[in-house]
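Below: the structure, in structure tokens.
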Amino acid sequence: MVGGSAAPRLMDEVRRVLRLKHYSMRTETVYVGWIRRFILANGKRHPRDMGEAEVEGFLSHLAVQGKVAATTQNQALAALLFLYKQVLGIDLPWMEGVVRAKRSQHVPTVLSRDEITRVLARMDGRPWLLASLLYGTGMRLMEALRLRIKDVDFARNEITIRDGKGGKDRRTMLPRSLAEPLLREIERARLLHEVDLNEGFGATWLPHALARKYPNAPREIGWQYVFPATHRSRDPREDIERRHHFDDAILSRALKKACRAADIAKLVSAHTLRHSFATHLLESGYDIRTVQELLGHKDVATTQIYTHVLNRGGHGVLSPLDRG
């Protein structure tokens, strides 16, 4: 069934429904990957011929034999629920027999102010600007990469983040020290856009059918990415050649290289800069609800994890050895 012509038809339908419901390209890749793994793990049987028992078995195997994290197991569950409900039109009963992966409670990695300074001092160019923006605004990596020119307000020193996690918009500050570098980056984007227009391209990707609602918007300068890719590429969804945003892998490599050069042993990623932003604001005395709004957290409980990594030792308690 899956080894023959039926497999491409099923996966094509999965992709079609994902795109119809405006799921991101990353989510599409992840969901398709989990669905393939599920089918292969069950002898290439069609999902219509399987159900609750096979899904429970697959998810339990991930937890017991695969020892995956709870978030990974939940990701696989979400993909399979999407397959059955949205693609096949089958409602799976509540699966009480699934062995749940243990949910770990890790304290986020945070760099000190000195470590941030040392890392940024060993970066340059666009990776430096992106890393500085992540630390200076608290944005998520993809929020920064997908930032559009129209959403940077230099007059108000403000950045509007559109369609963030949970589909919500929010505002954060524009660090004054990054105003000039960002202006230069936007001018670079403007020049690249002019080249694309002159060569018959220049239409950027717009989310949620905005391109149909505003047919001229994809070619307008305001909708272009602040951090465009160096070269155009073909969009796998629409088979259109256009300019995507900057590659996150380039930033990741530059960040790791800078950490090695700065002799920092911590495991650092782009998200570490967001963690550091929140922690340093709380250290400076800013209200936790203000930090929550800047981060775009749904509730203050999520933001409270940063109170456990403040630079005050164990939960802010003064050791008896240090008492006079």
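Results for (1) within 24 Å of Ile221 (Cβ to Cβ); (2) hydroxyl-bearing (Ser, Thr, Tyr); (3) not assigned by the TED database to the domain that holds Gly222, shown as yes or no for each residue.
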{"site": "His106", "(1), (2), (3)": "no, no, yes"}
{"site": "Thr117", "(1), (2), (3)": "no, yes, no"}
{"site": "Gly125", "(1), (2), (3)": "yes, no, no"}
{"site": "Ser132", "(1), (2), (3)": "yes, yes, no"}
{"site": "Gly138", "(1), (2), (3)": "no, no, no"}
{"site": "Asp169", "(1), (2), (3)": "yes, no, no"}
{"site": "Pro175", "(1), (2), (3)": "yes, no, no"}
{"site": "Glu180", "(1), (2), (3)": "yes, no, no"}
{"site": "Arg184", "(1), (2), (3)": "yes, no, no"}
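The condition of being outside the structural domain of Gly164 (by the TED database) and under 24 Å from Gly164 (Cα atoms) holds for only one of His22, His46, that being His22.
Counting residues in the stretch 124-131 that are closer than 30 Å to Lys168 by Cα and at pLDDT below 90 gives zero. Of the helices (runs of 4 or more DSSP H) lying entirely inside the stretch 241-324, the ones with 1 or more residues being hydrophobic (A, V, I, L, M, F, W, C) and at pLDDT 85 or above are found at 248-261, 270-283, 288-295. Here are some residues: Arg234, Arg212. Which one is open to solvent by 70 Å² or more (accessible area, probe 1.4 Å) and assigned to a strand (DSSP E or B)? Going through Arg234, Arg212 in turn, the sole match is Arg234. Against the definition (within 26 Å of Lys21 (Cα to Cα), among the acidic types (Asp, Glu) and open to solvent by less than 60 Å² (accessible area, probe 1.4 Å)), how does Asp248 come out, yes or no? Considered against the rule, which asks whether it is within 26 Å of Lys21 (Cα to Cα), among the acidic types (Asp, Glu) and open to solvent by less than 60 Å² (accessible area, probe 1.4 Å), Asp248 comes out as yes.
The values are calculated or read from the model by the stated rules, or taken from the named source; none is laboratory data. What you see is a predicted model; the values in this text were computed from it and never measured. Glycine also receives a Cβ, built like all others from the backbone with ideal geometry; neighbour counts cover every protein chain displayed. Quick note on the areas: whole protein, heavy atoms, side chains included, nothing else; ligands and nucleic acids left out. Shrake-Rupley method; radii C 1.70, N 1.55, O 1.52, S 1.80 Å.
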